[in-house]
1. What tally of residues in segment 274-320 results from selecting those that are loosely packed, with under 11 Cβ neighbours inside 10 Å, polar (S, T, N, Q) and in a helix (DSSP H, G or I)?
2. Can you report the number of residues in segment 140-166 which are crowded, with 24+ Cβ neighbours inside 10 Å and among the basic types (Lys, Arg)?
3. Hey, does segment 246-262 have a residue that's in a helix (DSSP H, G or I), among the charged types (D, E, K, R) and under 17 Å from the mean Cα position of the chain (by Cα)?
4. Going through segment 321-349 one residue at a time, which ones are buried (at least 16 other Cβ atoms within 10 Å of the Cβ), assigned to a helix (DSSP H, G or I) and more than 21 Å from the chain's Cα centre (by Cα)?
5. Checking the structure you have, find out if any residue of segment 53-68 is among the basic types (Lys, Arg) and either in contact with a Lys or Arg (Cβ under 7 Å, 6 or more places away or on another chain) or closer than 17 Å to Pro119 by Cα (or both).
6. For segment 50-73, does any single residue satisfy the condition of being at positive phi and of a type in the set (A, V, I, L, M, F, W, C)?
7. Could you list, in sequence order, all residues of segment 271-301 that are polar (S, T, N, Q) and either within 26 Å of the chain's Cα centre (by Cα) or within 17 Å of Pro167 (Cβ to Cβ) (or both)?
8. I'm told Leu228 meets every condition in (1) modelled with pLDDT under 95; (2) among the hydrophobic types (A, V, I, L, M, F, W, C); (3) surrounded by 22 or more Cβ atoms within 10 Å (Cβ to Cβ) except one. Can you identify the failing condition by its number?
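The values are calculated or read from the model by the stated rules, or taken from the named source; none is laboratory data. Keep in mind the model is a prediction, meaning the values are calculated, not measured. Cβ: placed from backbone, ideal geometry, glycine included. Neighbour counts: every protein chain shown.
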Amino acid sequence: MKGNFNSTQHFSNDSDNGPGISDEGSPSVAIVILNWNGRNFLEQFLPSVLASAYGNKRVIVADNASTDNSVSFLQQHFPQVEIICNPTNQGFAKGYNTALQQVSSDYYILLNSDVEVTPNWIEPIIELMESNTGIGACQPKILTGAARHLFEYAGACGGWLDNFGYPFARGRVFDSVEEDRGQYNQAAPCFWASGAAMFVRADMYHVLRGLDEYFFAHQEEIDFCWRLQLAGYKVYVQPASVVYHVGGGTLPKGNPQKDFLNFRNNLVMLAKNYTLTTALWKIPFRIGLDIIAAYKELFKGNGRTYIAIAKAHGYFIKWILADKKKSVFPISKKGKVNGLYKGSIVWQYFIKKKTRFSEIIKNK
């Protein structure tokens, strides 16, 4: 991967990044927080990251050309944190790709700035991935920061995908979020790990050329995990690790740009990762479902969402005709894929009124 970037600024001292286990033999872990105008989040949640018990870690903030005082705040209050300054706001995907070119580690943790971690959140996942070298990426259990008994929308307890490309998760189907009663407490393979807190083998991140920069933001982690599985690796969730996520810190729900990126990126992801014969019938069907959703929003008075979906379809056609070269494609399509529901969650949720993951997917 190649990208333009400014030199890394290191602000370190002789102490560890917070209290922790001093174990030079343990795998190295780089916790990389992508930041854009998130000074308040850094102030609120960075102390919990620094207090992580794992010994062989680095904490790095990759700043996406913030216009607030994020960088100067870090320099003054968190001198033990390393800082990488990207020259522009490169979005989630390119922002991480640019930063991770400069970070050497056994494992990367892609962590949102609005996530509060628990002291021992790293160890269970590293132990799982070290015990099974076939696991390429893994996420913790993600609960809602403001209501800690609830799963959080972005990943909950392991992401899944249905037959027509709709993402959902153990603990979250569309907008229905379940209460965490320990019902999904077993470690298990899944389809995608949330970009809010994704552990990934550093070597595989670079072999797969990282996140697809065409996506800018939204669903790039699902695409990456799909490509990872097609390359022969597994994606897991390890609920013994727990974090708390605020969510929607950059683009809140209902934002037209968020809708545009989600609908466009989902179609691009399907076109890239399905075989041609599968894509030729599933994508038109999916576009039909999108059109129904667009008119539903229009009749509800949400004209901006209708326009965002129409715009997404136009840009998808443009991607097919002119922009495919800008995307990262799978290096293989032979790997076994886990966490793929062969049915339709649209049917299960809106027609059959099943709102819980356990009602749709049995014994998972």
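1. Selection size over segment 274-320: 1.
2. Matching residues across segment 140-166 total 1.
3. If we filter segment 246-262 for residues that are in a helix (DSSP H, G or I), which is where we start, we get 256-262.
The next check asks that each one be among the charged types (D, E, K, R); those that pass are 258-259.
After this cut, where a residue has to be under 17 Å from the mean Cα position of the chain (by Cα) as well, the list is 258-259.
Looking through segment 246-262, at least one residue is in a helix (DSSP H, G or I), among the charged types (D, E, K, R) and under 17 Å from the mean Cα position of the chain (by Cα).
4. Hits for segment 321-349 are Val346, Gln348, Tyr349.
5. Our first condition is that a residue be among the basic types (Lys, Arg); within segment 53-68, this holds for 57-58.
Filter again for either in contact with a Lys or Arg (Cβ under 7 Å, 6 or more places away or on another chain) or closer than 17 Å to Pro119 by Cα (or both), leaving 57-58.
Scanning segment 53-68, I find at least one residue that is among the basic types (Lys, Arg) and either in contact with a Lys or Arg (Cβ under 7 Å, 6 or more places away or on another chain) or closer than 17 Å to Pro119 by Cα (or both), so the answer is yes.
6. Residues of segment 50-73 that are at positive phi, as a first pass: 65.
Filter once more, keeping what is of a type in the set (A, V, I, L, M, F, W, C): 65.
Yes, some residue in segment 50-73 is at positive phi and of a type in the set (A, V, I, L, M, F, W, C).
7. Taking segment 271-301 as the starting set, the residues that turn out to be polar (S, T, N, Q) are 273, 275, 277-278.
Result: Asn273, Thr275, Thr278.
8. In the conditions (1) modelled with pLDDT under 95; (2) among the hydrophobic types (A, V, I, L, M, F, W, C); (3) surrounded by 22 or more Cβ atoms within 10 Å (Cβ to Cβ), Leu228 misses (1) alone.
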